[in-house]
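Notes follow the structure.
Each value in this text was obtained by applying a stated rule to the coordinates, not by laboratory testing. Predicted model, so just to flag it, every value in this text is computed and none were measured. Positions of Cβ are generated from backbone atoms using ideal geometry, with glycine treated the same way; all protein chains shown enter the neighbour counts.
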Amino acid sequence: MRPPLDVLVVGAGPGGLATAIKLKRLADEAGQELSMAVIDKAPQPGYHNLSGAVVDPRPLDELTPAWREHRLLAKRISAVEQDDMFFLLGSRAIKIPELVAPSAMDHSDDVVVSISRLVGYLATVAEDAGIEVYSGFSARELILEGGRVQGVRLGEVGLDADGGHMPNYRPAEEIRARVTVLADGTCGVLSEQLREHYGAGVNPQAYSLGVKAVMQFKDEHPFGAGRVAHFLGYPLPQDVFGGCFMYAMDAKTVAVGLIMALDWKYGDLNPQVEFERFRAHPFVAQQLSGGVTIASGARTIPEGGYYAIGKINVPGALVVGDGAGASKLSKAEANGTPIVPAEKFEALLVDPATVVAELSEVGQ
Ligand SMILES: Cc1cc2nc3c(=O)[nH]c(=O)nc-3n(C[C@H](O)[C@H](O)[C@H](O)COP(=O)(O)OP(=O)(O)OC[C@H]3O[C@@H](n4cnc5c(N)ncnc54)[C@H](O)[C@@H]3O)c2cc1C
């Protein structure tokens, strides 16, 4: 059996890869040699991420200063030059003056980037740093032994519809590690298991559902390069918390989406239908005219805030990113009302230095 890894990261999203890279760097600086691996169930890094996000570039500049020049990202990063907020009322779009728009929604120093490409790039940075990155490996459960998390058990691969073994059958394997980092995203199976075992937050987690599409245009789109816009009002009913967005990824590509809190009381309210109603609004349709959808997807966003975060640092494991429910609500999209100040979240996020320290304490 393979000896336990020093660190296993489950989930190669932005959270898992950034943690792995930072941790490896800290260990290198401390002269500590770590065996590290990141596994993800996606067929390739970035394939389970929805493209087109507006992000604060500062953490990336700090983590990997050359990111803007890499071949996967160069010419694909669009600095925000125009940041608008509209209220959609009937067939009209009323521009909300900058002075009264929430400051947390100010994206003037941010950039629009394809998250899937960014994740692909971060995977190359991790590999260059000596971290093993494996795609197509799905972790099914935590190994809990001796009061610690000891790693994960993978699912069986190659079963037919009746549960019989196909030629590519692979039995459920175990990957053991001294520290397991769970970065399995929103509603992640393993971070849920950890919460069930060690304790959830004071409040139950609350979620929004996001529907997103990337639209491509033959010529320059009417929306305009370097522009992001957020929309309140139509098509959502007054008592449904949420909104819509459009981000220009470049002169010929726009990411467009709708986010709505998952606590609506209407049995016939369908996020995809609401999203299509948004795209059909006269003002929006004009901005998107001539575009075709080339990619789309939907997923949840944790937004329960500080009191919905359970144990995220337990013996042998920690949880990071959306799996921890530690979305920075002040920067969450259209529906972002901060429940607690951002600094509190910063304090909550586990500093990789504590992992390096824990590894030295546990010994070889
Ligand atoms: C519609 C929408 C719009 C958004 N827009 C923005 C935006 O503009 N700006 C912004 O900053 N954020 C945005 N977000 C949020 C952002 O996408 C997430 O916060 C971010 O992706 C979280 O990163 P993560 O690494 O924690 O999780 P994820 O990106 O979800 O990555 C988790 C990874 O874990 C893998 N995984 C899960 N379970 C397992 C398992 N059992 N075994 C192996 N692998 C597993 C998955 O395949 C995935 O690759 C948006 C989200 C949505 C839904």
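Extending 7 Å from Cα along the Cβ direction at D263 and again at K311 yields two label points whose distance is 2.7 nm.
Computed from point charges on the beta carbon alone (+1 for Lys and Arg, -1 for Asp and Glu), the dipole magnitude for the chain about its Cα centre is near 540 Debye. Measuring nothing but how far apart in sequence close Cα pairs (under 8 Å, 6+ apart) lie, relative to its length, region 104-261 scores a relative contact order of 16 percent.
Label positions at L63 and A30, each projected 7 Å from the Cα along the C-beta direction, are separated by 2.0 nm.
In this label model, D160 and Q272 are separated by 3.1 nm, measuring between points 7 Å along each Cα→Cβ vector. Computed from the Cβ-Cβ distance with R0 of 25 Å, the FRET efficiency linking C187 to E98 stands at 0.10. Charges were assigned to the Cβ only: +1 to each Lys and Arg, -1 to each Asp and Glu. The resulting dipole of region 21-168 about its Cα centre is roughly 240 debye. Stretched out straight at 0.36 nm per residue, the stretch from E81 to A172 would grow longer than its current Cα-Cα span by 27.8 nm. Each of H48, P14, F87 was placed along the dipole of region 1-127 (beta-carbon charges, centred on the mean Cα), and the one lying farthest toward the positive end is H48.
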